[in-house]
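Engineer: The following block contains the structure, expressed as structure tokens.
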Amino acid sequence: MIRVLHSVSNMDRAGIETMLMNYYRHMDREKVQFDFLCNKTKPGAYDEEIKKMGGRIYHTPGLNPAKYPQYLKYMKQLFEEHKEYRIVEAHNGALGVYALHAAKVNKIPVRIFHAHGASITKDWKLPIKLVCKSMLPANMNHHFSCGIAAARCYFGDKVVDNNDYELIPNAIEVERFIFNEKVRTAMRKKYGFENKHIIGHVGRFMTQKNHAFLIDVFEEVSKKDSQAMLVLLGDGELQEEIRKKVNEKGLSDKVYFAGNVGNANEWYNAFDVFMFTVSLGGASSCWCRGTGK
């Protein structure tokens, strides 16, 4: 059996982690197993499911430059105790170099960097991320990406133009998301949304998802539509900041924080419109799409 060690934040319900689970559930686990190197100590929503499917979960000291000697020591011990690991795949953006460098030092032959974003978030960690990004080429030897833009961001034009990377689609279980009128009716009744015009959003509360701009957009919508309501699925480090903004704008009765849920497919049925906002290069953009209804 081949065991692949994936470096992630933690196995909670978020985009990268859910994508991995979508593949993990449907592959032949007698031939290939996924294990997860989590860099946060917080338990993840998928932990128990992973263990039931035969996967392992490890917790590192974290991706903190000050703790890198501890991280390297931890990884050395992990690889010494588990000689079966020949493949490490990093999903941590530029900070994925931590796992890849540790793998290289410990002579792990297959070191995959998986690009998931087309830009690097400009926050206080930016200098660290840029240094880490510059170290990626020397520590990875396989390029995976969810799209061409992400590949160009992390691998450069030469790699993309030479087609020297693997495009890995973010596959989903399509059947789960087919519109169902009964589910829609039940969800809207359960949450008291029968006569509301529901705008839905699914995303972790982080800078890239740009919830602040989403609230600004919804404020304008609510001025024109008294029945409009915004439903936010997800959690994250910026959730309290967004809650505060909602309160300051007097929108508390029009914005519903659903939290980190395991039935996003059912919530999609309840939405009238799906709204998504992003922040790229300092600019904000927003797009909307009607649901199956």
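Engineer: Give the residues of the range 54-103 that are farther than 25 Å from L130 by Cα, open to solvent by 40 Å² or more (accessible area, probe 1.4 Å) and of a type in the set (F, W, Y), sorted by residue number.
Structural biologist: Hits for the range 54-103: nothing passes.
Engineer: Checking A94 against (1) in contact with a strand residue (DSSP E or B) (Cβ under 8 Å, 6 or more places away or on another chain); (2) among the aliphatic types (A, V, I, L, M); (3) under 23 Å from D164 (Cβ atoms), only one condition comes out false. Which one?
Structural biologist: The failed condition is (1).
Engineer: Sort through R204, R176, R152 and tell me the only one that's closer than 26 Å to E17 by Cβ, open to solvent by 20 Å² or more (accessible area, probe 1.4 Å) and not in a helix (DSSP H, G or I).
Structural biologist: Details: R176 fails: not in a helix (DSSP H, G or I); R152 fails: not in a helix (DSSP H, G or I).
Step by step, each of R204, R176, R152 is checked, and only R204 is closer than 26 Å to E17 by Cβ, open to solvent by 20 Å² or more (accessible area, probe 1.4 Å) and not in a helix (DSSP H, G or I).
Engineer: Given (1) under 30 Å from D253 (Cβ atoms); (2) open to solvent by 60 Å² or more (accessible area, probe 1.4 Å); (3) outside any loop (DSSP other than H, G, I, E, B); (4) basic (K, R), identify the lone condition not met by R184.
Structural biologist: Only one criterion is unmet by R184, namely (2).
Engineer: Moving on to the next point. Which of (1) of a type in the set (S, T, N, Q); (2) surrounded by 13 or more Cβ atoms within 10 Å (Cβ to Cβ); (3) farther than 30 Å from H116 by Cβ does N210 not meet, given it meets every other one?
Structural biologist: The single condition N210 does not satisfy is (3).
Engineer: When the range 164-179 is examined, which residues are found to be among the acidic types (D, E) and in contact (Cβ under 8 Å) with a residue 12 or more places away in the chain?
Structural biologist: Step one: of the range 164-179, the residues among the acidic types (D, E) are 164, 166, 173, 175.
Of everything in the range 164-179, those that are among the acidic types (D, E) and in contact (Cβ under 8 Å) with a residue 12 or more places away in the chain turn out to be D164, E166, E173.
Engineer: Within the range 250-264, is even one residue under 22 Å from N22 (Cβ atoms), among the β-branched types (V, I, T) and open to solvent by 30 Å² or more (accessible area, probe 1.4 Å)? Give the steps one after another, and end with the answer.
Structural biologist: Taking the range 250-264 and keeping what is under 22 Å from N22 (Cβ atoms), we get 258-264.
So of that shortlist, the ones also among the β-branched types (V, I, T) come out as 261.
Those still in the list that are open to solvent by 30 Å² or more (accessible area, probe 1.4 Å) too: 261.
Yes, the range 250-264 contains a residue that is under 22 Å from N22 (Cβ atoms), among the β-branched types (V, I, T) and open to solvent by 30 Å² or more (accessible area, probe 1.4 Å).
Engineer: I would also like to ask the following. Any chance the range 228-247 includes a residue that's surrounded by fewer than 17 Cβ atoms within 10 Å (Cβ to Cβ) and of a type in the set (G, A, S)?
Structural biologist: For the range 228-247, residues surrounded by fewer than 17 Cβ atoms within 10 Å (Cβ to Cβ) and of a type in the set (G, A, S): absent.
Engineer: Quick check on my filter: what residues within the range 1-27 are open to solvent by 60 Å² or more (accessible area, probe 1.4 Å), in a loop (DSSP other than H, G, I, E, B) and of a type in the set (D, E, K, R)?
Structural biologist: Matches in the range 1-27: R13 only.
Engineer: Check the range 100-112 and report whether any residue there is touching a Cys at 6+ places or on another chain (Cβ under 6 Å) and without any contact (Cβ under 8 Å) to a residue 60 or more places away in the chain. It would help to see each step written out before you state the result.
Structural biologist: We begin by selecting, within the range 100-112, every residue touching a Cys at 6+ places or on another chain (Cβ under 6 Å); these are none.
Within the range 100-112 (the criterion being touching a Cys at 6+ places or on another chain (Cβ under 6 Å) and without any contact (Cβ under 8 Å) to a residue 60 or more places away in the chain), the answer is no, since none of the residues qualifies.
Engineer: Give the residues of the range 28-52 that are closer than 20 Å to H82 by Cβ and surrounded by 12 or more Cβ atoms within 10 Å (Cβ to Cβ), sorted by residue number.
Structural biologist: Passing the criteria: R29, V32, Q33, F34, D35, F36, L37, C38, N39, D47, I50.
Engineer: Quickly run through the range 187-201 and pick out the residues that are open to solvent by 70 Å² or more (accessible area, probe 1.4 Å) and not in a loop (DSSP other than H, G, I, E, B).
Structural biologist: Matches in the range 187-201: K189, K190, H197.
Engineer: Then there is this: Can you pull out every residue in the range 104-125 that is surrounded by 16 or more Cβ atoms within 10 Å (Cβ to Cβ), out of contact with any Leu (no Cβ under 9 Å at 6 or more places or on another chain) and among the basic types (K, R)?
Structural biologist: Within the range 104-125, K104 is the sole residue that qualifies.
Engineer: Against the definition (over 18 Å from the mean Cα position of the chain (by Cα), at pLDDT below 95 and surrounded by 12 or more Cβ atoms within 10 Å (Cβ to Cβ)), how does I128 come out, yes or no? Write out each step before concluding.
Structural biologist: Details: over 18 Å from the mean Cα position of the chain (by Cα): yes; at pLDDT below 95: yes; surrounded by 12 or more Cβ atoms within 10 Å (Cβ to Cβ): yes.
Considered against the rule, which asks whether it is over 18 Å from the mean Cα position of the chain (by Cα), at pLDDT below 95 and surrounded by 12 or more Cβ atoms within 10 Å (Cβ to Cβ), I128 comes out as yes.
Engineer: Somewhere in the range 63-70, is a residue assigned to a helix (DSSP H, G or I) and among the polar types (S, T, N, Q)?
Structural biologist: Yes, the range 63-70 contains a residue that is assigned to a helix (DSSP H, G or I) and among the polar types (S, T, N, Q).
Engineer: Search the range 139-149 for residues being open to solvent by 30 Å² or more (accessible area, probe 1.4 Å) and in contact (Cβ under 8 Å) with a residue 24 or more places away in the chain, and hand back the single one that is nearest to Y68 (Cα to Cα). I'd like the intermediate steps shown before the answer.
Structural biologist: Here is the first cut: in the range 139-149, the ones open to solvent by 30 Å² or more (accessible area, probe 1.4 Å) are 141-144, 146, 148-149.
When the remaining residues are screened for being in contact (Cβ under 8 Å) with a residue 24 or more places away in the chain, the result is 141-144, 146, 149.
On the way: N141: 22, H142: 23, H143: 24, F144: 25, C146: 28, A149: 30 Å.
Top of the filtered list is N141.
The values are calculated or read from the model by the stated rules, or taken from the named source; none is laboratory data. Keep in mind the model is a prediction, meaning the values are calculated, not measured. Reconstructed Cβ throughout: ideal geometry from the backbone, glycine too, with neighbour counts over all protein chains shown. Remember, those area values only see protein heavy atoms, side chains included, never the ligands or the DNA or RNA. Shrake-Rupley method; radii C 1.70, N 1.55, O 1.52, S 1.80 Å.
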